[in-house]
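Below is one structure, written out as structure tokens; the observations come after it.
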There are 2 protein chains.
Amino acid sequence: MSHNIIFRVATHTDVPSIVRLLADDELGSLREKYENPIPESYYSAYELVDKDPNHELIVAELDAKVIGTLHLMFLPSLSFQGGLRAQVESVRVDTHHQNQGIGSQMMKWAMERAKDRKAHIVQLTTHKSRADAHRFYERLGFKGTHLGMKLSLD
Amino acid sequence: MSHNIIFRVATHTDVPSIVRLLADDELGSLREKYENPIPESYYSAYELVDKDPNHELIVAELDAKVIGTLHLMFLPSLSFQGGLRAQVESVRVDTHHQNQGIGSQMMKWAMERAKDRKAHIVQLTTHKSRADAHRFYERLGFKGTHLGMKLSLD
């Protein structure tokens, strides 16, 4: 599959497009607010992410339009003899561009970034209800060895 | 249960005690190196963690001895309307002090820290084989809604 896709670090002007992708999803629609203008809290979070060298908010751009995103994090840790971990959060591909290998290209690109920065592992969690996502990550080599647990503080 | 336990941010001199706890565990013993002196890589990782305000490496101290540890991380993110996430990694209690409520006290202390810093969620993953851990976190209010997936880059 050949796509003229650019993967790059997001800029301030990409924030509304990223929020659109986060909200356009069964689970995301329940917790995001994609409106015009988008809530200021998204920009505040973007500033925190952007200024932290351990965070890389990534977008996939096709024909000057943002059609995918993921958030790549680098987590220093004592475990694994002090090995750096990479973590992937908030992976989304535009519904009109799904099943075209774009998510896979984007993940492989992120996995290369993680290797370049000497991470020894990439970790992520995905909701138990997302069976398609489980198969997608398994095809990329991920193994579902862990239970992901969450506690809401709200 | 009443214990005279202090929870505090770890210092450089705690690193060997933390590594001892990480290694003294069925899965940890396969990947850590607790020897004298401990490998330098643990200290390098400690420095990265210590200088990053989004990371808090915590120890539990009883009678001037480190008997527990956890690594609390704060992760800025655009998702959930730009809400801050807290993540807990590398939770250990000394085998001689388990089942005395110490892990629970330590986790509750960390959950309060997360609330103080306005995190909206605490997340963690635990190996599927750790059934005791699943029940432990469920008693604290965590829900095992996610599949935790890992990919080794080594």
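The values are calculated or read from the model by the stated rules, or taken from the named source; none is laboratory data. In this text, all values refer to a predicted model and were calculated from it rather than measured experimentally. Cβ placement follows ideal geometry from the backbone for every residue including glycine, while neighbour counts extend to all protein chains displayed. Ligands, DNA and RNA are excluded from the accessible area calculation, which covers all protein heavy atoms including side chains. Shrake-Rupley method; radii C 1.70, N 1.55, O 1.52, S 1.80 Å.
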Cβ-Cβ under 9 Å pairs, at least 6 apart or on other chains, the range A:60-81 side hydroxyl-bearing (Ser, Thr, Tyr), far side crowded, with 23+ Cβ neighbours inside 10 Å and part of a loop (DSSP other than H, G, I, E, B): A:THR69/B:LEU78; A:SER79/B:GLU32
- prompt: Residues B:LEU62, B:LEU72, B:LEU78: which one is within 30 Å of A:PRO39 (Cβ to Cβ) and away from chain A (no Cβ under 11 Å)?
  reply: B:LEU72
Filter result for B:GLY103 (more than 9 Å from chain A (Cβ to nearest Cβ) and either under 20 Å from B:ASP25 (Cα atoms) or modelled with pLDDT of 95 or more (or both)): yes
message: When you check B:LYS118 against the structure, is it in contact (Cβ under 8 Å) with a residue 24 or more places away in the chain, under 30 Å from A:TYR46 (Cβ atoms) and more than 7 Å from every other protein chain (Cβ to nearest Cβ), yes or no?
response: yes
statement: Scanning the range B:13-53 residue by residue, the ones that are in contact with a helix residue (DSSP H, G or I) (Cβ under 9 Å, 6 or more places away or on another chain), within 25 Å of A:PRO53 (Cβ to Cβ), within 7 Å of chain A (Cβ to nearest Cβ) and in contact (Cβ under 8 Å) with a residue 12 or more places away in the chain total 3
message: Tell me yes or no: at least one residue of the range A:129-144 is hydroxyl-bearing (Ser, Thr, Tyr) and within 25 Å of B:VAL49 (Cβ to Cβ).
response: no
- line: The helices (runs of 4 or more DSSP H) lying wholly within the range B:37-142 that contain at least 1 residues that are open to solvent by 30 Å² or more (accessible area, probe 1.4 Å), among the acidic types (Asp, Glu) and within 20 Å of A:LEU75 (Cβ to Cβ) are B:40-51
field: Of the criteria (1) polar (S, T, N, Q); (2) in contact (Cβ under 8 Å) with a residue 24 or more places away in the chain; (3) surrounded by fewer than 21 Cβ atoms within 10 Å (Cβ to Cβ), which one B:THR145 fails
entry: (2)
- line: All-but-one check, A:MET149 against (1) of a type in the set (A, V, I, L, M); (2) more than 10 Å from chain B (Cβ to nearest Cβ); (3) within 30 Å of B:GLU112 (Cβ to Cβ), failing number (2)
